[in-house]
Amino acid sequence: MTSTSHGFVIVGASLAGAKAAETLRKEGFAGRVTLIGDELHRPYERPPLSKGYLLGSAERESVFVHPATWYAEHDVDLRLGTRATAVDARGHEVHLADGDPLRYAALLLATGSEPVRLTIPGADLDGVRYLRRLEDSEALKAAFAEVGRVVVIGGGWIGLEVAAAARTAGLAVTVLEAAALPLLRVLGPEVARVFADLHREHGVDLRCGVHVERILGAGGRVTGVELGGGEVVGADLVVVGVGIRPNTALAQGAGLAVENGVLVDAHLRTSDPDVYAAGDVANAFHPFLERRLRVEHWANAMRQGPVAARSMLGQDATYARLPYFFTDQYDLGMEYNGYAGAEDRVVLRGDVAGREFIAFWLAEGRVLAGMGVNIWDTTADVTKLITSRREVDLGRLANPDVPLRDV
């Protein structure tokens, strides 16, 4: 078998991978760039899959990172429907399921993650679905037009966004969550309760503190979900959203350091100096937070791809952006900046009952994170509060009449 020589290889035709390829060209790199993806679609963004595209308010073309012609126009060798099977770090080669291995000077792993699959009885029935890929969103949208009852297992961000889309489509929706509240581990009880109330007010049968025993079916098709204790919740469609796992098989096979993702430094370099990782799969050291983080959100993939590309080019690029994520559910829009634990102190500013407020998480009087609910253009001020590391006046922080810059 012969080897084909390439400059840079990116495994994962994802948002992170596509933005890395774009940055390589913007930075003037004229060598070979190969972008490998196991899906048949060119790189796309995932948030619309549980938001606008699933709701039918966004066109299919809007989900893609670049126009179809961009890759050829920028001399990026985009190989879709191609699976990388192994990385030979010592030989600087990526092996493919079909075709000759690709040699690289530097390699970026942007392999993303996959949904955690249920292993309970009935998990393989027709009508049990997950949401991760474009086809998943299209299948859910089609199913929404055919079914009447949807059960969502998991009250995380994906589960709640799917529930909101299903309710908007007029379906009967039940959400089953093991914790005492949805999003409890992320937001803590005060703010998690806002989302619980939101869904119940929109007609969702939200059941918390429940255990899913099995999924029931007839003729190979879902008919319901049995809870611990024997109660059965009827269902024509079951959507599972109980978390994701990073796709680390290539990294592990190559002998790279792996722990809850591929371990990378602040430059997104792995334990091999010629291999980098970005996006969901990267467990990166954050220089401001002084800890490792693996962030499973759109902004992280979008911003890490360019940093990895610049590092591959030998630039002193560092990823130090604070975590950011957003959600849209019914008439609630939210932006979150920073990093905090559910146990950290919460200060609320604004009209919580009317769902126009900012929540701040603090430790030792310092702001760790801020979340604006139906309040916009606060990201810069919240970021300054966090990065200043200064103690704030809690009374002024809670007072919406005091500008954030003056707290």
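Which of the residues that make up region 336-360 are assigned to a strand (DSSP E or B), within 20 Å of residue 155 (Cβ to Cβ) and of a type outside the set (Val, Ile, Thr)?
Answer for region 336-360, where residues must be assigned to a strand (DSSP E or B), within 20 Å of residue 155 (Cβ to Cβ) and of a type outside the set (Val, Ile, Thr): 336, 359.
For region 62-78, which residues satisfy the criterion of being buried (at least 19 other Cβ atoms within 10 Å of the Cβ) and closer than 17 Å to residue 25 by Cβ?
Across region 62-78, the qualifying residues are 65, 71, 76, 78.
Any residue that is surrounded by fewer than 18 Cβ atoms within 10 Å (Cβ to Cβ), in a helix (DSSP H, G or I), without any contact (Cβ under 8 Å) to a residue 24 or more places away in the chain and of a type in the set (Ser, Thr, Tyr) - is there at least one of those in region 36-59?
No - not one qualifying residue is present in region 36-59.
Collect the residues in region 238-290 that are without any contact (Cβ under 8 Å) to a residue 60 or more places away in the chain, surrounded by fewer than 18 Cβ atoms within 10 Å (Cβ to Cβ) and in a loop (DSSP other than H, G, I, E, B), keeping them in residue-number order.
Answer for region 238-290, where residues must be without any contact (Cβ under 8 Å) to a residue 60 or more places away in the chain, surrounded by fewer than 18 Cβ atoms within 10 Å (Cβ to Cβ) and in a loop (DSSP other than H, G, I, E, B): 257, 259, 260, 265, 266, 271, 273, 287, 289, 290.
Check off (1) of a type outside the set (Phe, Trp, Tyr); (2) buried (at least 20 other Cβ atoms within 10 Å of the Cβ); (3) under 30 Å from residue 224 (Cβ atoms) for residue 112 and give me the number that stays unchecked.
Residue 112 satisfies every listed condition except (3).
Just to be sure before I move on: is residue 99 modelled with pLDDT under 95, over 22 Å from the mean Cα position of the chain (by Cα) and either assigned by TED's automatic domain parsing to the domain that holds residue 207 or surrounded by fewer than 20 Cβ atoms within 10 Å (Cβ to Cβ) (or both) in the structure I sent?
yes
Which numbered condition in (1) in contact with a strand residue (DSSP E or B) (Cβ under 7 Å, 6 or more places away or on another chain); (2) not in a strand (DSSP E or B) is the only one that residue 124 fails?
The number of the failed condition is (1).
Residue 147 versus (1) touching a Lys or Arg at 6+ places or on another chain (Cβ under 7 Å); (2) farther than 19 Å from residue 245 by Cβ: which is the lone unmet condition?
For residue 147, the failing item is (1).
Being of a type in the set (Phe, Trp, Tyr) and either without any contact (Cβ under 8 Å) to a residue 12 or more places away in the chain or closer than 19 Å to residue 83 by Cα (or both) is the filter here; which residues of region 21-35 pass it?
none
Each row is one residue, and each column tells you yes or no for (1) modelled with pLDDT of 95 or more; (2) within 17 Å of residue 355 (Cβ to Cβ); (3) of a type in the set (Val, Ile, Thr).
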{"site": "197", "(1), (2), (3)": "yes, yes, no"}
{"site": "217", "(1), (2), (3)": "yes, no, no"}
{"site": "222", "(1), (2), (3)": "yes, no, yes"}
{"site": "230", "(1), (2), (3)": "yes, no, no"}
{"site": "235", "(1), (2), (3)": "yes, no, no"}
{"site": "242", "(1), (2), (3)": "yes, no, yes"}
{"site": "246", "(1), (2), (3)": "yes, no, no"}
{"site": "249", "(1), (2), (3)": "yes, no, no"}
{"site": "252", "(1), (2), (3)": "yes, no, no"}
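Quick one: is residue 398 more than 28 Å from the chain's Cα centre (by Cα) and within 30 Å of residue 201 (Cβ to Cβ)?
So residue 398 passes the test.
The values are calculated or read from the model by the stated rules, or taken from the named source; none is laboratory data. A quick note: this is a predicted structure, and the numbers were derived from the prediction, not measured. Cβ atoms come from the backbone with ideal geometry, glycine included; neighbour counts cover every protein chain shown.
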